[in-house]
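Undergrad: My questions all concern the structure below.
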Amino acid sequence: MKKILFTCFLGKLCPYPNRSRSISRSFVSYLSDKGAVFRQPQADIFQERSDFISQAKGLPISMYFIPLILFLFFGTIIEASSQVADSPGTDLWSVPLRSGLFRSTSPLGFSLVDDAISLKQGGFGSPAGEGNFGVALFYGELTNPDSLSPLAFSWTPYFFSRDAPFMKEEALVELEKGEFYDGVSSPRVRKFSFELSLADRAGYFTLTLGDRPLLEDFLVYPDDSVKVELDVFHSSIVFGGPDAVFYEVQYALKRLVARMDFDAPMVMFSSRSRPRFQKAENQALIEKYDAAFGSHFKLVEVGKEAVDYFFSELDRGKELLAPQLELLDFYSDELGKDRYDLLLTEVVSGFYGNRLSSFRKFHYPEVLSRFSVEEREKYLDRILVLFSELEEWERKLDASVHAQSQLVSAPYLNLAMEKSMLKAIFGKRSFLSQVSEDYSGEMEDRLLSGYLSQYMGAIPDAATTLDSYLAATETSPWKDRLVNLGHAFIPGETIIPVRLEDMEGQVYTEDFFKGQPTLLYFYFSSCAHSADFFRDILFPLYQDTQNLGYRMVAISMDDDREFWKSRISKYSDLSLTNLITTSESKKRWGDYYEIHAFPKTMLLDGQGRVVSFNLRTGFTTYEAFKNKFIDLYREQVVGN
């Protein structure tokens, strides 16, 4: 896609786009007087973070988003002045926890069970229990001018959230030369065969060549057999085999979304009175390119104009969805009822789910702060009308078929969560109670699991909240996922086995973290926010408080050792113990502790027990951050 913008939570262009989220070409940003930037997702069906970027002095904070999340948990607005925004970070490939690999130590009286779930193991009230799994068979041929790049599958039988590593698997593909009599005669072509282990329903897979996704977030059914020709030299992908149509249609749908996004202008919500837009040379550039054939820029005034623009685009839903729906209808007979419904659910949910997410994160705070009570009610009524229209659309579908789509589709999970969150906010109640009213059975469990998978890091009392969600959840793998979240967000466990190396190659294990309290700082060496957080907040904290008796250890999650060593002076300090994870430990720790956003901190006591997973939440000033750390250290480390 042309002119894709990559940004981190500093609002800077990222020179390492493979480590961040791509922004839709027609992204929407808000530029307030303090320089706050919001991004509105368009085509990305997995957009899930509140992409708030504060460029004001001090720690980045969200003025509206975090209080709303707290409200959803507790049914009332709680005093929560700020939260440090996480960098989008890097999506680490992950492997599932296998049965018996790790067991819970039941921290803080919280009863955890053996949460190492495999597909064949099943779990709580398991609809995906023993025997309910299948295999999808892929045969492919790759023409790749860059023969050094590895080909790899990553897949998940269940979708929890974009970054959730739980039950995700990945594997490199073994490529072979053709033998002529197998029908592969070109010396440039390499063939492969691969099996994906799935559950009793469709899952998702991604096929990558090095860092380049060739097929990203494609649905796949167990027992599918599909051929795929990957001609990188000619930028061509072709599907074959008995189930080819399902994959051809997905490919075409993604191209349609990309084409519409490419044809749309880049939209920015800001104030026309800002100096950058008052400059004569910039105004001339806008007029020049507006009259030219090519890309266009559209400026929308923050306030009523911006909210009205949002609703005008929302009202065009049928028009904007028409090309995708026409494509689906054309292939409906070949797809069959189940696959047609699943793709229809993906298309409609992706469109409206993203827009409801944008409304909740960005437009709703504007409505609350800028409009009268009468105007607010008018806008909120329009959202409620949309809810009714979506519910009416679902009632017209085959209930037995659509129920399966609801349990599979990632965009549908996002849409259902956004609807429930907005209803909870409008009704001044908790998300848990709203979901219990609107849904039941496995779909209710899926929503609760997906919600905590996404927002667990924003909850002040994670242990209590997780207990209440566990009590309300019955089926696997959704309850298994909630149990697994305890390892990454509920302090109390001893650090799990790990293998780290310093700059000289000396090996360190988990035993290194026993004997002295330790503050761990995780980062990767291309995240500008990690560098700024370390320089402005974390290292000054260590310098001011190291007399408490702890040490600070910087752990890089980079893949390239030489790159890591060359950047230590920017992202860490040579006076510290600087370590890098080995590939195996990177996957293990990334999965177990959900390390997929950077920077991340963990505080360990002298026995290697985790007493805090995130020091960065809830502060607007350095002094408040330091004082809270000192209190935490004295209570949880010295007190024990």
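Undergrad: Can you pick out the pairs among LYS423/LYS628; LYS168/LYS423; LYS378/LYS419; LYS419/LYS600; LYS337/LYS479; LYS600/LYS628 whose Cα atoms lie more than 25 Å from each other?
TA: Details: LYS423/LYS628 34 Å; LYS168/LYS423 31 Å; LYS378/LYS419 18 Å; LYS419/LYS600 30 Å; LYS337/LYS479 30 Å; LYS600/LYS628 17 Å.
From LYS423/LYS628; LYS168/LYS423; LYS378/LYS419; LYS419/LYS600; LYS337/LYS479; LYS600/LYS628, over 25 Å: LYS423/LYS628; LYS168/LYS423; LYS419/LYS600; LYS337/LYS479.
Undergrad: For a quick check: with amide H placed at 1.01 Å from N, whose amide H comes under 5 Å from VAL267's, ignoring anything fewer than 5 positions away on the same chain?
TA: Close amide H contacts, sequence-distant or interchain: PHE27, LYS298.
Undergrad: Further, regarding this structure: Just the number, please: carbon plus sulfur as a percent of the accessible area of the range 309-355, 1.4 Å probe, no ligands or DNA/RNA counted.
TA: Carbon and sulfur atoms account for 50 percent of the accessible area of the range 309-355.
Undergrad: Out of residues 5 or more away from ARG551 or on other chains, whose amide H comes under 5 Å of its own, with H placed 1.01 Å from N in the peptide plane?
TA: Result for ARG551 returns THR518, LEU519.
Undergrad: In whole Hz and in residue order, list the ³J(HN,Hα) couplings for the range 301-315 that follow from phi through the Karplus curve 6.51 cos²θ - 1.76 cosθ + 1.60, θ = phi - 60°; x for Gly and Pro.
TA: 5, 4, x, 4, 4, 5, 5, 5, 5, 4, 6, 5, 5, 5, 5
Undergrad: Taking only protein heavy atoms into account and a 1.4 Å probe, give the accessible area per residue of the range 212-255 in Å².
TA: 45 Å²
Undergrad: To continue, here is another question. If packing is taken as the average count of other Cβ atoms within 10 Å, what order do 158-167, 398-407 fall into, highest mean first?
TA: On the way: 158-167: 24.2, 398-407: 16.4.
By packing density, highest mean first, the sequence is 158-167, 398-407.
Undergrad: Now, a different point. Can you give me the % of accessible surface on the range 231-289 that is carbon or sulfur? Probe 1.4 Å, all protein chains present, nothing else counted. The partial results should precede the final answer.
TA: On the way: 1990 of 3470 Å².
In the range 231-289, the share of accessible area belonging to carbon and sulfur is 57 percent.
Undergrad: Still on this structure, please answer the following. Given a 1.4 Å probe and the protein chains all in place, what does the accessible area of ASP502 round to, in Å² to the nearest 10?
TA: Only protein atoms counted, so the area is about 10 Å².
Undergrad: From the residues PHE387, VAL401, SER369, which one has its Cα farthest along the dipole of the range 355-402 in the positive direction, the dipole being from +1 and -1 charges on Cβ of Lys/Arg and Asp/Glu about the Cα centre?
TA: SER369
Undergrad: Could you give each residue of the range 330-337 its phi-based ³J(HN,Hα) in whole Hz, using Karplus coefficients 6.51, -1.76, 1.60 with θ = phi - 60°, and x for Gly or Pro?
TA: With the stated coefficients, the range 330-337 comes to 4, 9, 4, 5, 6, 6, x, 4 Hz.
Undergrad: Output ³J(HN,Hα) for the range 233-242: one whole-Hz value per residue in order, computed from phi by the Karplus curve 6.51 cos²θ - 1.76 cosθ + 1.60 with θ = phi - 60°, and x for Gly and Pro.
TA: Per-residue couplings from phi come out as 4, 9, 6, 10, 10, 10, 10, x, x, x Hz.
Undergrad: What does the highest-first list of 427-435, 528-536 look like by mean Cβ count within 10 Å?
TA: My ranking of the peptides, most packed first, is 528-536, 427-435.
Undergrad: List the lysines whose Cα sits under 19 Å from the Cα of LYS288, skipping any in the same chain fewer than 8 residues away.
TA: Counting by Cα, and skipping residues close in sequence, LYS288 has these lysines nearby: LYS3, LYS279, LYS298.
Undergrad: May I pose another question? Around GLY134, which amide H atoms from residues at least 5 apart in sequence, or from another chain, sit under 5 Å from its own amide H, with H modelled in the peptide plane?
TA: Correct list: LEU198, ALA199.
Undergrad: Using the Cα centre as the reference, give the magnitude of the dipole from point charges on the C-beta atoms of the range 201-272 (Lys, Arg: +1; Asp, Glu: -1; all else neutral), rounded to the nearest 20 debye.
TA: Roughly 320 debye for the range 201-272.
Undergrad: Sort 135-144, 600-609, 269-278 by packing, meaning the average of other beta carbons within 10 Å per residue, with the highest value first. Walk me through the numbers on the way to the answer.
TA: Numbers: 135-144: 18.4, 600-609: 20.5, 269-278: 13.5.
Highest mean packing first, the order is 600-609, 135-144, 269-278.
Undergrad: Can you run the Rg to Rh ratio on the range 221-372? Use alpha carbon positions and the Kirkwood inverse-distance Rh.
TA: 1.09
Undergrad: Can you compute the modelled spin-label distance between LYS428 and SER400, with each label point 7 Å from Cα toward Cβ, in nm?
TA: Roughly 4.5 nm, to one decimal.
Undergrad: Among TYR331, TYR523, what's the order by accessible area (1.4 angstrom probe), most exposed first?
TA: Details: TYR331 60, TYR523 0 Å².
So, going from the largest accessible area down, we get TYR331, TYR523.
Undergrad: Measure off, as a whole percent, the carbon and sulfur share of the 1.4 Å-probe accessible area of the range 545-640, all protein chains present. Before the final figure, lay out the partial values.
TA: Working: 1720 of 3840 Å².
That share works out to 45 percent.
Undergrad: Can you send over the solvent-accessible area of LEU422, 1.4 Å probe, protein chains only, in Å² to the nearest 10?
TA: 0 Å²
Undergrad: Using the heavy atoms of the protein chains and a 1.4 angstrom probe, tell me the accessible area per residue for the range 374-498 in square angstrom.
TA: 34 Å²
The values are calculated or read from the model by the stated rules, or taken from the named source; none is laboratory data. The structure presented is a predicted model; accordingly, all values stated were derived computationally and were not measured. Positions of Cβ are backbone-derived with ideal geometry, glycine not excepted, and every protein chain shown enters the neighbour counts. Calculation scope for accessible area: heavy atoms of the full protein, side chains included, ligands and nucleic acids excluded. Shrake-Rupley method; radii C 1.70, N 1.55, O 1.52, S 1.80 Å.
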